Amino acid sequence: MIWKELTIHTTEEAVEMISNFLHEAGAGGVTIEEHVDNDKPRDTSLGQWFEIPPNDIPEGEAKISGYFPESVDIDEVIREVRERIEELRTYDIDPGTPELAVREVSEDDWANNWKQYFKPLRVSDRLTIKPTWEVYEPASPDERIIELDPGMAFGTGTHPTTSLCLRTLEGIIQDGDEVIDVGTGSGILAIGACRLGASRVLALDLDPVAVSSALENTRLNQLESRIQVVESDLLSVLKKGAEATVNVKLPVRVVVANILAEIILLFIEDVYEALQPGGYYIASGIYKNKEQVVEEALTAAGFEIEQTAREEDWVAFVARKR
């Protein structure tokens, strides 16, 4: 099958929003390539295996490609996406000087080639992400394996926001916890929470592609009885008779959200209501220039910031309900 590849050169800061624009415009898949500094020292304290192809993308920039069927009016897609990219400036997100280009590619060129670079990844003392197509044996009895095939959904564990969340969850989750994962993507955080001892996880995402991916990864990890995946706009499902429709008992002890800062700001009060007193909110996906505004909003809502974790240009907060 032949696809139309729409490639956008932009900034790392705008990657997640533009990726979402492409999905909403009808992309059958989205790939992201960021700057790779092969001379940069990498953290291998946990045995991480890095095999990343070199590229000529400048630091702080990124290349995003969306793949559309031949039948799609690509000129209309370009017009729509370009307008939405320019709107990002009104939300204090800098997309740089975006360049858009189109070419035709075969399905095999993008659907599977990336898999050669996704290797087993030790992200914390106890958690290792294993692609389903790779062979890997745990190094110790305490090592917990997350089987993963992300498909077209966000979340392989290689992005700083995801790895920040997994490491933070390891220090927060207690045996028997009930957890809500907002913006679950591939389901990686929900699965990680279960591997760390959570008894039940409610995994939410607005994107049907993500819901499908999370359901499949839940099945691959044999966690269907503990993870419920629901299509929901943030925590809106909890306002529709939650006691009868979700697998967790409100209020819960942990809520985790790995999404953009602009989205985090929209539902802080809802998270506060969903948490029990003393409960934890792990908020990640925050670019460094939004750190202060998110911290102020969390504090104003009644949270106490207990930890601020950073990796590269990204920030994650551990906020506790007073």
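Below is a table of values for the structure above.
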read-out: Odd one out for R167 among (1) touching a Gly at 6+ places or on another chain (Cβ under 9 Å); (2) in contact (Cβ under 8 Å) with a residue 40 or more places away in the chain; value: (1)
read-out: Condition met for Q292 (in a helix (DSSP H, G or I), of a type in the set (S, T, N, Q) and surrounded by fewer than 19 Cβ atoms within 10 Å (Cβ to Cβ)); value: yes
read-out: Hey, V237 in a helix (DSSP H, G or I) and touching a helix residue (DSSP H, G or I) at 6+ places or on another chain (Cβ under 8 Å) or not; value: yes
read-out: Residue count, region 56-95 (criterion: more than 18 Å from V30 (Cα to Cα), without any contact (Cβ under 8 Å) to a residue 40 or more places away in the chain and not charged (D, E, K, R)); value: 2
read-out: Failed criterion for G28 (all others in (1) at pLDDT 85 or above; (2) more than 22 Å from Y287 (Cα to Cα); (3) not polar (S, T, N, Q) hold); value: (1)
read-out: Selection within region 191-214 - surrounded by fewer than 17 Cβ atoms within 10 Å (Cβ to Cβ) and either closer than 16 Å to D175 by Cα or modelled with pLDDT of 90 or more (or both); value: G197, S199
read-out: Selection within region 60-101 - in contact with a strand residue (DSSP E or B) (Cβ under 6 Å, 6 or more places away or on another chain) and aromatic (F, W, Y); value: Y67, F68
read-out: Among the candidates D270, D175, residue that is outside the structural domain of L22 (by the TED database), modelled with pLDDT of 95 or more, outside any loop (DSSP other than H, G, I, E, B) and surrounded by fewer than 21 Cβ atoms within 10 Å (Cβ to Cβ); value: D270
read-out: Residues of region 55-82 classified as farther than 21 Å from E99 by Cα and modelled with pLDDT under 70, total; value: 0
read-out: Search result, residues across region 268-298 that are among the β-branched types (V, I, T) and out of contact with any strand residue (DSSP E or B) (no Cβ under 7 Å at 6 or more places or on another chain); value: I268, V293
read-out: Any hit, region 230-253, residues being of a type in the set (A, V, I, L, M, F, W, C), in contact with a Gly (Cβ under 7 Å, 6 or more places away or on another chain) and touching a residue at least 24 places away in the same chain (Cβ under 8 Å); value: yes
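The values are calculated or read from the model by the stated rules, or taken from the named source; none is laboratory data. Model, not experiment: these values are computed from the prediction. Cβ coordinates were reconstructed from backbone atoms using ideal geometry, including for glycine residues, and neighbour counts include every protein chain displayed.
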